[in-house]
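Undergrad: Could you have a look at this structure, given as structure tokens, before my questions?
The values are calculated or read from the model by the stated rules, or taken from the named source; none is laboratory data. This one's a predicted model, so the numbers in the text were calculated from it and none came from an experiment. Every residue, glycine as well, gets a Cβ built from its backbone with ideal geometry; the counts of neighbours run over all protein chains shown. Side chains included, ligands, DNA and RNA excluded: accessible areas come from the protein's heavy atoms. Shrake-Rupley method; radii C 1.70, N 1.55, O 1.52, S 1.80 Å.
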Amino acid sequence: MKKNYSLLSKALFAFLLSIAASGNFAFAQSEDLHLQKLHAVELSPATPGVRYIYETPISPKSTFEFTAGLDASLIFAYSNSYVKINQDRIEEKERRFQLYLTPNIGLAYKYYYNMNKRVEAGKNVNNNAGNYIGLRLINGLEGWTTEKVKTETYTMESQGFSKNYIGFASAVWGMNRNLGKNFVFNFEVGPGIVFGEDRESEFFLRLNTGFKKVF
């Protein structure tokens, strides 16, 4: 299962790169084009992190996006665990805390579906300020990890740098809105799956808010 998801991740990366390559080769500027090529740095408070963003149009209504950055992930989990004491199997409540600082790169295909309507309504569409749907894939290392597991009978702590691969793939809906000259607010949400080495694949809900400085 884990190997299959690794292959899926590579296939999706190749697919998104092929979209970008074919789109940039075939795409020509037109008078009614509203999407822009941009470079930006984004700070994200919802999924704490900082990343570089390069976004380029590949058709009049869609873009390809490349990201590289460092994200922080906090995980709090409560579950039941079992310990063996004098041949008895005793159930305990387990509390788990995990912190990941994850270096990663990402690719995304974004289809902007309301740019023309925003222009007709006289709204500012600079810096790709519109709504979109798309596919996002993020690949990276688990990176710097801190873990603490606590039950009624024991406490376990560990920390270090993990080179284990971790990947995220999600369908997304998002929006960009200008906050002033060359500052953009981004909101993005969508269902996805997280997978990697030495871990079971899990479904998750991607929720990201970010503040971009466009250069």
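Undergrad: Could you give me the residue pairs with C-beta distances under 8 Å whose first residue belongs to region 121-133 and is touching a residue at least 12 places away in the same chain (Cβ under 8 Å), whose second residue is open to solvent by 20 Å² or more (accessible area, probe 1.4 Å) and β-branched (Val, Ile, Thr) wherever it lies, and which are 6+ apart or on separate chains?
TA: Val125/Val119
Undergrad: Do we find that Glu147 is over 17 Å from Pro103 (Cβ atoms) and open to solvent by 60 Å² or more (accessible area, probe 1.4 Å) in this structure?
TA: When the stated conditions are applied, Glu147 does not pass them.
Undergrad: Please state which one of Glu147, Glu152, Glu142, Glu157 is more than 21 Å from Val41 (Cβ to Cβ), in a loop (DSSP other than H, G, I, E, B) and touching a strand residue (DSSP E or B) at 6+ places or on another chain (Cβ under 8 Å).
TA: Glu152
Undergrad: Among Tyr132, Tyr111, which is open to solvent by 70 Å² or more (accessible area, probe 1.4 Å) and under 17 Å from the mean Cα position of the chain (by Cα)?
TA: Of Tyr132, Tyr111, the one residue that is open to solvent by 70 Å² or more (accessible area, probe 1.4 Å) and under 17 Å from the mean Cα position of the chain (by Cα) is Tyr111.
Undergrad: Right, next: Among (1) exposed (fewer than 14 other Cβ atoms within 10 Å of the Cβ); (2) more than 18 Å from Pro45 (Cα to Cα), where does Ser162 come up short?
TA: The single condition Ser162 does not satisfy is (1).
Undergrad: State yes or no: is Val184 over 12 Å from the mean Cα position of the chain (by Cα), modelled with pLDDT of 85 or more, surrounded by 14 or more Cβ atoms within 10 Å (Cβ to Cβ) and not in a strand (DSSP E or B)?
TA: So Val184 does not fit the description; no.
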